[in-house]
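Structure, as structure tokens:
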Amino acid sequence: MVALVAFTRDLSEIGGSEMNLKLEVIGVSPPCPRCKKTEENARKAAAKLAAEGVKVEVAKLDVTAKESISKYGVLVTACNRN
């Protein structure tokens, strides 16, 4: 499981107090127990940040998908599916 965080900020909000973050959780599909736990933890963290006024989008990406490989290069996972 690889967790990648991409921080983004809406340029129209510069000077404001709103911050938008994107968290991409990259792992195998179907997810192994470790992948599931990582995504669960990311969503829990997003909920805590939302309470502080930070909008977090959590996206689950497949490590073997062409989109993931082309965006981040060849990714390797240590997932043993146990």
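Consider the stretch 20-58 and keep the residues that are in a strand (DSSP E or B) and of a type in the set (Val, Ile, Thr). The one that is farthest from Ser68 (Cα to Cα) is Val54.
In the stretch 34-41, is there at least one residue being touching a helix residue (DSSP H, G or I) at 6+ places or on another chain (Cβ under 7 Å) and either at pLDDT 65 or above or surrounded by 11 or more Cβ atoms within 10 Å (Cβ to Cβ) (or both)? There is no residue in the stretch 34-41 that is touching a helix residue (DSSP H, G or I) at 6+ places or on another chain (Cβ under 7 Å) and either at pLDDT 65 or above or surrounded by 11 or more Cβ atoms within 10 Å (Cβ to Cβ) (or both).
The condition (being more than 13 Å from Glu24 (Cα to Cα), at pLDDT 85 or above, out of contact with any Phe, Trp or Tyr (no Cβ under 8 Å at 6 or more places or on another chain) and of a type in the set (A, V, I, L, M, F, W, C)) is satisfied by just one residue among Ala78, Ala51: Ala51.
The values are calculated or read from the model by the stated rules, or taken from the named source; none is laboratory data. Worth saying up front: this structure is predicted, and the values here are computed from it rather than measured. Every residue, glycine as well, gets a Cβ built from its backbone with ideal geometry; the counts of neighbours run over all protein chains shown.
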